[in-house]
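Asks: There's a structure below that I have some questions on.
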Amino acid sequence: MTAEINTGPMIGQRHLQAFLLFLSIVVNYMAKFNAGVAVVAMTNAENTNPNFPEYDWNEMERSYILSSFFWGYILTQFLGGWLCRRYGARITMFVSTIGSALLALLPPWCVSWGGWQAYCAIRMSMGLFQGFLFPCIHAHLANWCPVNERNRLGALANTGIDCGTLVAMFASGLLAASSAGWPGIFYVSCGVGIFWCIIWWIFGANTPRESKFISEAELNYIETSINSSRKAEEAEEKATGRIPVPWKAIWTSVPFWALMITRCCQSWGYSTLQTEMPAYMNGVLLMDMKKNALYSALPYLTSWIMAFVYLIIADILLTRGIMSITGIRKGVNSIAFFVPAAALIGVSFLDSTQKTLAVVLMCANVGINAGSTIGSTINTIDLSPNHAGILMGIINTAANVVPILTPLLVGIIVKDDHDREQWQIVFIISAVIFFVGNIIYLAFGQMVNQPWDAPDFMDKQRSPNLQEEGSAKALEAKQSEKLEEAKRKESEAGLESKEPNESDVNEENPSRNDI
């Protein structure tokens, strides 16, 4: 008789926690990316709702506003992980979201007297709060997901990224064109954030054991799965010891640098469209705000769908042995980079008479680029399973610096929103960066464990050094012995030379008998 395996309820608290994480990303992304539409509405009230104030900000000032969120965001990534370990995901995520939501309420009140500088300060502060978010999400998934459900529940939570961007673009455009005007964008962003915080405070729990709503069966299922995995990890750590981080080997690794450059190139192309698409559609394609909202959101709907398409295709190719992991990674990444590069160049040559084709190309750009997740984002696991978290932290920090730069470059190049040739330069630069990034990945990227991933790598590195040190010490000891021997002989020779000869003594001191 076989023992019955406890798989817990089909739908339980672990699914609710994953769904709450999904919603947290959506509401925070609404506050994060509503600025792309809001800035267009605030500087062009005629196309939205003329009953609200309009501000005369130039392209550079608008670029500072779009960039400013990331000034704060990159500063609190590691702090978020520390706070989560100390206070738990429940309170840290609550503070992160409530802080961001309350700050989202301020622009209608502060911009009137503080101008674009006040808006920048607000967005930078929002970035500081939202920097806590993703470290907490990863830690919360680790505490709640049974080992065999981590991929599924983790994927569910992270689809909030595309969904949040989609909602931010679509809802912001509709609100700006409605009777609520552009201030409605901020009121709704604040409202949904506070609503999520209330739900999270009721149902969120740091661990399954802290949850008030979990069933005994589900609790046992989750804890048994996680504890067995942790015991295996602890046993392995006990056998091999805690694996030290080979910092020098990581920073001198060519495949690691190839991956980091590739991810920064992807971030450049993606963030350019993410922040500037509403301005381009309004200025060059001459779309009103309602159409702008719909067409700005469509590429992210495409991306959301294509993420699942890529996942299914890659799984079939790998499980059936049709392609190796190297072929899948580099093949999918090439599609995800080269096609958007071509689409960006195509978009740059279109005008307001070719709106439909422009939207199709932008959907192709963002949607097909979704393959970069499978192509290169998770390459850290291939390079070093033991240090994947460290690699991801370094690469994510570098990639999040890029969205600071892209709006500023647009502000330098684009002086007139309606000038298609200026936008051509922006899109062609992004296309070239996409192309170069993937060429580097194809040439230097690797999908195999690196030598410095081995648990005993540092010990092997120390062994030759220890042997050299031992040989040097042995040689030094021999030389010291020889010197001491030489000194001893010299000392003995000196003493012998100082002793008077017996005959000499007799000559100088005659005996009494002779006297």
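Asks: Suppose we keep only residues that are among the hydroxyl-bearing types (Ser, Thr, Tyr) and in a helix (DSSP H, G or I) within the range 7-38. Which one would you say is farthest from the chain's Cα centre (by Cα)?
Replies: Here is the first cut: in the range 7-38, the ones among the hydroxyl-bearing types (Ser, Thr, Tyr) are 7, 24, 29.
This time we only want the ones that are in a helix (DSSP H, G or I), so: 24, 29.
Working: Ser24: 17, Tyr29: 15 Å.
Going through the qualifying residues, I end up with Ser24.
Asks: Let me ask something additional. Being outside any loop (DSSP other than H, G, I, E, B), open to solvent by 70 Å² or more (accessible area, probe 1.4 Å) and touching a residue at least 12 places away in the same chain (Cβ under 8 Å) is true for just one of Thr406, Thr373, Thr353, Thr397. Which residue is that?
Replies: Details: Thr406 fails: open to solvent by 70 Å² or more (accessible area, probe 1.4 Å); Thr353 fails: touching a residue at least 12 places away in the same chain (Cβ under 8 Å); Thr397 fails: open to solvent by 70 Å² or more (accessible area, probe 1.4 Å).
Thr373 is the lone residue from the list that is outside any loop (DSSP other than H, G, I, E, B), open to solvent by 70 Å² or more (accessible area, probe 1.4 Å) and touching a residue at least 12 places away in the same chain (Cβ under 8 Å).
Asks: Further question: In the range 39-48, how many residues are buried (at least 24 other Cβ atoms within 10 Å of the Cβ) and in a loop (DSSP other than H, G, I, E, B)?
Replies: Matching residues across the range 39-48 total 1.
Asks: In the range 137-157, what count of residues is obtained for those that are among the polar types (S, T, N, Q) and at pLDDT below 80? Don't jump to the end; show me each part of the working.
Replies: Of the residues in the range 137-157, the ones among the polar types (S, T, N, Q) are 143, 148, 151.
If we keep only those that are at pLDDT below 80 as well, we get 148, 151.
Going through the range 137-157 one residue at a time, the tally reaches 2.
Asks: Within the set of pairs 6 or more residues apart or between chains, which connect a residue that is of a type in the set (D, E, K, R) inside the range 330-346 to a residue that is not in a helix (DSSP H, G or I) with Cβ atoms less than 7 Å apart?
Replies: Here the result reads Lys330/Gly445, each pair linking the range 330-346 to a residue that is not in a helix (DSSP H, G or I).
Asks: Turning to a different aspect of this structure: Anything in the range 283-331 that is within 23 Å of Phe427 (Cα to Cα), modelled with pLDDT of 85 or more and open to solvent by 20 Å² or more (accessible area, probe 1.4 Å)? List them, or say none.
Replies: Those that are within 23 Å of Phe427 (Cα to Cα), modelled with pLDDT of 85 or more and open to solvent by 20 Å² or more (accessible area, probe 1.4 Å): Leu298, Leu301, Thr302, Met306.
Asks: Which of (1) assigned to a helix (DSSP H, G or I); (2) open to solvent by less than 30 Å² (accessible area, probe 1.4 Å); (3) of a type outside the set (Ser, Thr, Tyr) does Leu174 not meet, given it meets every other one?
Replies: Failing condition for Leu174: (2).
Asks: Does the range 384-393 contain any residue that is part of a helix (DSSP H, G or I), modelled with pLDDT of 80 or more, on the phi < 0 side of the Ramachandran plot and not aliphatic (A, V, I, L, M)?
Replies: Yes, that holds for at least one residue.
Asks: Taking Ser179 as meeting all but one of (1) touching a Lys or Arg at 6+ places or on another chain (Cβ under 7 Å); (2) over 27 Å from His140 (Cβ atoms); (3) open to solvent by 20 Å² or more (accessible area, probe 1.4 Å), write down the number of the exception.
Replies: (1)
Asks: With the structure loaded, tell me whether His387 is touching a residue at least 60 places away in the same chain (Cβ under 8 Å) and either surrounded by fewer than 17 Cβ atoms within 10 Å (Cβ to Cβ) or hydroxyl-bearing (Ser, Thr, Tyr) (or both) or whether it fails that test.
Replies: On the way: touching a residue at least 60 places away in the same chain (Cβ under 8 Å): yes; either surrounded by fewer than 17 Cβ atoms within 10 Å (Cβ to Cβ) or hydroxyl-bearing (Ser, Thr, Tyr) (or both): no.
Considered against the rule, which asks whether it is touching a residue at least 60 places away in the same chain (Cβ under 8 Å) and either surrounded by fewer than 17 Cβ atoms within 10 Å (Cβ to Cβ) or hydroxyl-bearing (Ser, Thr, Tyr) (or both), His387 comes out as no.
Asks: Report the residue count in the range 409-418 for those that are exposed (fewer than 14 other Cβ atoms within 10 Å of the Cβ) and either free of Cβ contacts under 8 Å to residues at least 24 places away in the same chain or outside any helix (DSSP H, G or I) (or both). Working first, answer last.
Replies: First, pick out the residues of the range 409-418 that are exposed (fewer than 14 other Cβ atoms within 10 Å of the Cβ): 412, 415-416, 418.
Those still in the list that are either free of Cβ contacts under 8 Å to residues at least 24 places away in the same chain or outside any helix (DSSP H, G or I) (or both) too: 415-416, 418.
Of the residues in the range 409-418, 3 are exposed (fewer than 14 other Cβ atoms within 10 Å of the Cβ) and either free of Cβ contacts under 8 Å to residues at least 24 places away in the same chain or outside any helix (DSSP H, G or I) (or both).
Asks: Further, regarding this structure: Out of the residues in the range 239-278 that are outside any helix (DSSP H, G or I) and among the β-branched types (Val, Ile, Thr), state the one that is farthest from Phe434 (Cα to Cα).
Replies: Going residue by residue through the range 239-278, those that are outside any helix (DSSP H, G or I) are 241-246, 252-253.
If we keep only those that are among the β-branched types (Val, Ile, Thr) too, we end up with 243, 245, 252.
Numbers: Ile243: 36, Val245: 31, Thr252: 24 Å.
Step by step, filter the range 239-278, then rank; the result is Ile243.
Asks: Which count do you get for residues in the range 79-100 that are touching a residue at least 60 places away in the same chain (Cβ under 8 Å) and either open to solvent by 30 Å² or more (accessible area, probe 1.4 Å) or among the aliphatic types (A, V, I, L, M) (or both)?
Replies: Final tally of qualifying residues: 5.
Asks: Examine the range 187-209 for a residue that is in contact with an Asp or Glu (Cβ under 8 Å, 6 or more places away or on another chain), open to solvent by less than 20 Å² (accessible area, probe 1.4 Å) and not hydroxyl-bearing (Ser, Thr, Tyr), and state whether such a residue exists.
Replies: The initial filter retains those residues of the range 187-209 that are in contact with an Asp or Glu (Cβ under 8 Å, 6 or more places away or on another chain), namely 208-209.
Among the residues that remain, those that are also open to solvent by less than 20 Å² (accessible area, probe 1.4 Å) are: 208.
Pick out the ones that are also not hydroxyl-bearing (Ser, Thr, Tyr) and you get 208.
Looking for residues that are in contact with an Asp or Glu (Cβ under 8 Å, 6 or more places away or on another chain), open to solvent by less than 20 Å² (accessible area, probe 1.4 Å) and not hydroxyl-bearing (Ser, Thr, Tyr), one finds at least one in the range 187-209, hence yes.
Asks: While we're looking at this one, here's another question. Quickly run through the range 356-367 and pick out the residues that are among the β-branched types (Val, Ile, Thr) and surrounded by fewer than 24 Cβ atoms within 10 Å (Cβ to Cβ). Walk me through it before giving the result.
Replies: Filtering the range 356-367 for residues among the β-branched types (Val, Ile, Thr) gives 356, 359-360, 366.
Result: Thr356, Val359, Val360.
Asks: Under the condition of being open to solvent by less than 20 Å² (accessible area, probe 1.4 Å) and touching a Phe, Trp or Tyr at 6+ places or on another chain (Cβ under 6 Å), which residue from the range 101-115 is farthest from Leu133 (Cα to Cα)?
Replies: Val111
Asks: Ok, one more. Quick check on my filter: what residues within the range 49-78 are open to solvent by 20 Å² or more (accessible area, probe 1.4 Å) and outside any helix (DSSP H, G or I)?
Replies: Pro50, Asn51, Phe52, Pro53, Glu54, Tyr55, Asp56, Trp57, Asn58, Ile74, Leu75
Asks: Which residues, counting only those in the range 299-330, are in contact with a helix residue (DSSP H, G or I) (Cβ under 6 Å, 6 or more places away or on another chain) and closer than 13 Å to Ile368 by Cα?
Replies: Pro299, Tyr300, Leu301, Thr302, Ser303, Trp304, Met306, Ala307, Tyr310
The values are calculated or read from the model by the stated rules, or taken from the named source; none is laboratory data. Note that the structure is predicted; figures quoted are calculated from it, not measured. No Cβ is skipped: glycine too gets one built from the backbone with ideal geometry, and neighbour counts run over all protein chains shown. Keep in mind that these areas ignore ligands, DNA and RNA; they rest on the heavy atoms of the full protein, side chains included. Shrake-Rupley method; radii C 1.70, N 1.55, O 1.52, S 1.80 Å.
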